[in-house]
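Just so you know, all these numbers are worked out from the coordinates, no wet-lab data involved. Small disclaimer: the values here were computed from a predicted structure and weren't measured. All Cβ positions, glycine included, derive from the backbone under ideal geometry; neighbour counts span all protein chains shown.
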Amino acid sequence: MHQQTIYILGIESSCDDTSAAVIKNDRILSNIVASQDIHKKYGGVVPELASRSHSANIIPVVDAALKEANITKNDLTAIAFTRGPGLLGSLLVGTSFAKGMSIGLKIPLLDVHHMKAHILAHFIDGSNIVNASTKPQFPFLCLTISGGHTQIVLVKNYDKMEVIGETIDDAAGEAFDKVAKLIGLPYPGGPEVDRLAQQGNPDAFSFPHPQVKNYDFSFSGLKTSVLYFLKKQLEKNSQFIEVNKNDLCASFQKTVVDILMQKMIKASMDYGIKHIALAGGVSANSSIRKAMLNEGEKYGWNVYIPKLEYCTDNAAMIAIAGYFNYLSGKTMPPSFGATARWEIGSND
Ligand code: KG4
Ligand code: ZN
């Protein structure tokens, strides 16, 4: 690979985290994330408030990332940023900032696909929890689970990726957040469900598994069945949720993890691929991480699970994705702008 020292500033602003990171080749020097607490009050992300927070946060966050990396902006080789998919107003803040900075510094601009970046986080030096220096071997299958996406991706190389299955309705993270809301937990609900589930019985209640073709997923029926189950139980006992909170979280979480793992096992068998990775915000979930390790042992997989700081939205993954774009000479034409919708396999 390249011998030259490359410094890339990564910028992430696709949803409700403003993040900036600096990498030196594939090594992270800094990774600053400013989460936006303002959305908690509304129980979900309010797009307009997200854009405004990004505008307020982006300069201090980039400044902090450069300081922590102990470099100045003049040391940068290129700037990578999330061009999509995500909330358009939020993406525009990062895109405009990155464009301005690259023009000012006269350095290349690298546009990054947010979901591809979640996957490429595996190539950050030391990112793997099982064996820090191990990187996924191509081709591998990646279960990419976040607040907006649930996909099984066939990763052929750093750039060529094919979605072989995805959700036909809600994303896994969305299901966590919606069910958490039904139970009265604050936004984002995923980490809260995970925390309470650790004290609950995963077999206390059983929820139906959807019947969906091939490697696709569906989570909206599960959410509705939890809703009806709770309504029925609350008619009999108004304290039902309070008394059973931990068991409800554990049982719901087990159902989601089982659904995800069944499809992953099927995909691995059908494709004959045993290099299996996990990516996206929901991959921070302790139960899915455990299930990947257990199933991995059972089926002889090489399992790749990123450290927690590279699971939820962060700019380190944007910087590493930008690094591979840079190595292959894939810089962004000035005519390109932010794009809210951007399929993984589409022509860039
Ligand atoms: O990748 P991400 O940070 O943002 C998107 O690109 O969507 O994922 C955010 C999602 C949220 O739905 C959040 O509830 C979920 O990831 N999440 C979790 C956990 N940590 C974050 N879900 C379950 N268990 C967790 N520990
Ligand atoms: Zn994400």
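Go through the stretch 38-53 residue by residue and turn each phi into a ³J(HN,Hα) via Karplus (6.51, -1.76, 1.60, θ = phi - 60°); whole Hz please, and just put x for glycine and proline.
With coefficients 6.51, -1.76 and 1.60, one gets 3, 6, 4, 4, 9, x, x, 6, 9, x, 5, 5, 4, 4, 5, 5 Hz.
What number, rounded to the nearest 500 deg cm²/dmol, is the helix-based mean residue ellipticity at 222 nm of the chain, given -39500 (n - 2.57) per DSSP H run of at least four residues and division by all its residues?
-13500 deg cm²/dmol
Using a Debye calculation, one point per C-alpha and no hydration shell, please list log10 I(q)/I(0) for the stretch 1-128 at q = 0.10, 0.16, 0.22 Å⁻¹ in order.
Here the Debye-derived log intensity ratios amount to -0.30, -0.76, -1.36.
Using DSSP to define loop residues, name the trypsin sites (Lys or Arg not before Pro) in the stretch 156-231 whose beta-carbon has at most 13 other beta-carbon atoms within 10 Å.
Sparse-neighbourhood loop trypsin sites (Lys or Arg not before Pro): 156, 160, 213.
Could you work out the relative contact order of the stretch 118-273, using alpha carbon pairs under 8 angstrom and six or more residues apart, expressed as a whole percent?
Taking the mean separation of contacting Cα pairs over the length of the stretch 118-273, I get 21 percent.
Give me, ordered by chain and number, the residues 5 or more places off residue 26 or on other chains with an amide H under 5 Å from its own placed amide H.
It is none; the list stays empty.
Hey, could you get me the Stokes-Einstein D for the chain, Kirkwood radius over alpha-carbon pairs, 20 °C and 1.002 mPa s, rounded to whole µm² s⁻¹?
Value of D from the Cα-based Kirkwood radius: 104 µm²/s.
Can you work out the Karplus-derived ³J(HN,Hα) for every residue in the stretch 200-209? Use 6.51 cos²θ - 1.76 cosθ + 1.60 with θ = phi - 60°, whole Hz, and x for glycine or proline.
x, 9, x, 9, 5, 10, 10, 10, x, 8
Find which of 126, 317, 79 sits farthest along the positive direction of the dipole of the chain, computed with +1 on the beta-carbon of Lys and Arg, -1 on that of Asp and Glu, about the Cα centre.
126
Considering only 196, 146, 7, whose Cα is most displaced toward the positive end of the charge dipole of the chain, charges sitting on Cβ of Lys, Arg (+1) and Asp, Glu (-1)?
Going by the charge dipole, the pick is 7.
Using Cβ counts within 10 Å as a stand-in for footprinting exposure, how do 241, 273 rank, fewest first?
Placing the least packed residue first, the sequence is 241, 273.
If one computes the Cα centroid of the stretch 145-194 and of the stretch 243-292, what distance in Å separates the two points?
The stretch 145-194 and the stretch 243-292 have Cα centres spaced 11 Å from each other.
Give the relative contact order (percent, whole number) for the stretch 47-150; include only Cα pairs under 8 Å separated by 6+ residues.
It rounds to 23 percent for the stretch 47-150.
HN-Hα J couplings of the stretch 140-153 from phi, Karplus 6.51/-1.76/1.60, θ = phi - 60°, integer Hz, Gly and Pro as x?
10, 9, 10, 8, 10, 10, 9, x, x, 9, 9, 9, 10, 10
What per residue convex hull volume, in Å³, do the alpha-carbon atoms of the stretch 243-300 yield?
Hull volume over Cα atoms, normalised by residue count, gives 75 Å³.
From the residues 29, 101, 61, which one has its Cα farthest along the dipole of the chain in the positive direction, the dipole being from +1 and -1 charges on Cβ of Lys/Arg and Asp/Glu about the Cα centre?
My answer, from the dipole projection, is 29.
With charges only on Cβ, +1 for K and R and -1 for D and E, what is the dipole size of the chain about its Cα centre, in debye, rounded to 20?
Once rounded to the nearest 20, the dipole reads 120 debye.
Enumerate the amide H contacts of residue 302 below 5 Å, restricted to partners 5 or more residues apart or on another chain; note that Pro and chain-start residues carry no placed amide H.
Distant-sequence amide H within range of residue 302: 275, 276.
On a C-alpha basis, how far is the centre of the stretch 297-338 from the centre of the stretch 1-77 in Å? Whole number, if you could?
A separation of 14 Å, based on Cα centres.
Output the relative contact order of the stretch 253-348, whole-number percent, from Cα pairs under 8 angstrom with separation of 6+ residues.
After rounding, I find 25 percent.
Can you list residues from other chains, or at least 5 along the same chain, whose modelled amide H is less than 5 Å from the amide H of residue 140?
Hits under the 5 Å cutoff: 155.
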